[in-house]
1. Determine which aspartates and glutamates satisfy two conditions relative to LYS185: a Cα distance under 19 Å, and not lying fewer than 8 residues away in the same chain.
2. Where in the range 319-336 does the label zone of LYS115 land, with the point 7 angstrom along Cα→C-beta and an amide N cut-off under 16 Å?
3. Under a Cβ-Cβ cut-off of 15 Å, what is the net charge of the residues other than ALA302 that fall near it, where Lys and Arg count +1 and Asp and Glu count -1?
4. For the chain, what does -39500 (n - 2.57) per DSSP helix run (n ≥ 4), summed and divided by total residues, give at 222 nm, in deg cm²/dmol to the nearest 500?
5. How would VAL205, VAL53 line up by accessible area, probe 1.4 Å, largest first?
6. Taking the Cα centre of the range 121-202 as origin, work out the dipole magnitude from +1 charges on Lys and Arg Cβ and -1 charges on Asp and Glu Cβ, in debye rounded to 20.
7. Give me the 1.4 Å probe accessible area per residue for the chain, excluding ligands and nucleic acids, in Å².
8. Defining a contact as two alpha carbons under 8 Å apart and six or more residues distant in sequence, what relative contact order in percent does the range 208-357 show?
Amino acid sequence: MNFNIALVKGDGIGPEIVGSAVRVLDEIASKYGHSFSYNEYLAGGAAIDETGVPLPDETREGCLASDSVLFGAVGGPKWDHLGGDERPEKALLKLRASMELFTNLRPARIYDALKADSPLRADIVDEGFDIMIVRELTGGIYFGERGRRDGDKGPEAYDTESYSVMEIERIAHVAFQTAMKRRKKLTSVDKANVLETSRLWRETVHRIGEQYPEVELSDMLVDNAAMQLVRNPSQFDVIVTSNMFGDILSDEASQITGSIGLLASSSLGEGTRGLYEPIHGSAPDIAGTGKANPIATILSAAMMLRYSFGLEREADSIEAAVEKALCEGHRTGDIAGEGDRILSCDEMTDVIIGYLR
Ligand code: IPM
Ligand code: MG
């Protein structure tokens, strides 16, 4: 099959890790007889330097015209002085909004080979965990009204969280359907003891839950969820939550797997066109040094094959190759233990491609 993939490498380690994922995709194409064509677009700091804006129209239109988008990372100290709408991160937020990607899937599982890398106590990781975080991605406080104003106590700033019933319903359906394909356990995370949006969230998720009687639904307050993730992560199957809570909890979930360098994500809307990106950032401190771990981006490409292109077998083979590389002791710096030989981004990619062959 032919697919047209938009590549948005972005800043920092973005070009290196997207380059690795493309090499893996090319291997899949030749092994399974597909053809992937790529168009590259600028976003983030790279786009600001070149065009003056974080998300040029050409990038938005190119992504909308593609079958799917593979995204690296955006941002860096060079652009930290810029204000809200001019920042590199705005590229990602705008792209998610214009592509209407309201569902963000962030899987966090512990590999047996990496149990020693988890910061959690051995008796906790020994239980294992395999969590799917379903994060609402185009609503809530990241997209609400914001600004500066003069208040009673002087100058102040505000951001607003709002959720419509429709926005909660559609993400709830995705979460229940995701749970149905897994262990049929859904934890809805909110802050209903304080926030009105959370009370609407809770009531709506429960109403939608009536359509999925096989799924065991429970609620958890976000502060408790943050604690439970490190206390007993094996209790979770699927977690559904709002944009900001999902942003925070997914970083936490990634770190307990051993490294944020391992976590992939997919962002989808109603159709099959999605945006796939590692959940980590642009890591400007190691950009250009070859130290980046390409695994999160390679696994994001696997998610693209599975969710956007329906290529299950191909996605499985990438995931198996990554697992094999980790099992056989191949390590980039972020997951290396004492005495391990540290592979560069390219070398780790070579190893994974070797296992694909
Ligand atoms: C993420 C990132 C983004 C987000 C930033 C870069 C806008 O942290 O994908 O988790 O907050 O969604
Ligand atoms: Mg984040």
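The values are calculated or read from the model by the stated rules, or taken from the named source; none is laboratory data. Source: prediction; values computed, not measured. So basically every Cβ, Gly included, is an ideal-geometry build from the backbone, and we count neighbours across all protein chains shown. The protein model used for the area step is the full one, side chains on, heavy atoms only, and it has no ligands, DNA or RNA in it. Shrake-Rupley method; radii C 1.70, N 1.55, O 1.52, S 1.80 Å.
1. The qualifying aspartates and glutamates are GLU127, ASP130, GLU136, GLU169, GLU203, GLU210, GLU214, GLU216, ASP219, ASP237.
2. 327-329
3. Details: positive: ARG23, LYS31, ARG106, ARG109, ARG306, ARG313, LYS324; negative: ASP26, GLU27, GLU277, GLU312, GLU314, ASP316, GLU319, GLU323.
Local net charge: -1.
4. Details: 12 runs with 140 residues, N = 357.
The helix-only estimate for the chain comes to -12000 deg cm²/dmol at 222 nm.
5. Details: VAL205 0, VAL53 65 Å².
My answer, sorted largest first, is VAL53, VAL205.
6. Working: 15 positive and 15 negative charges, 74 e Å.
Charge dipole of the range 121-202: 360 debye, to the nearest 20.
7. Working: 15340 Å² over 357 residues.
With all protein chains present, the chain gives 43 Å² per residue.
8. On the way: 158 pairs, mean separation 26.0, N = 150.
Here the relative contact order equals 17 percent.
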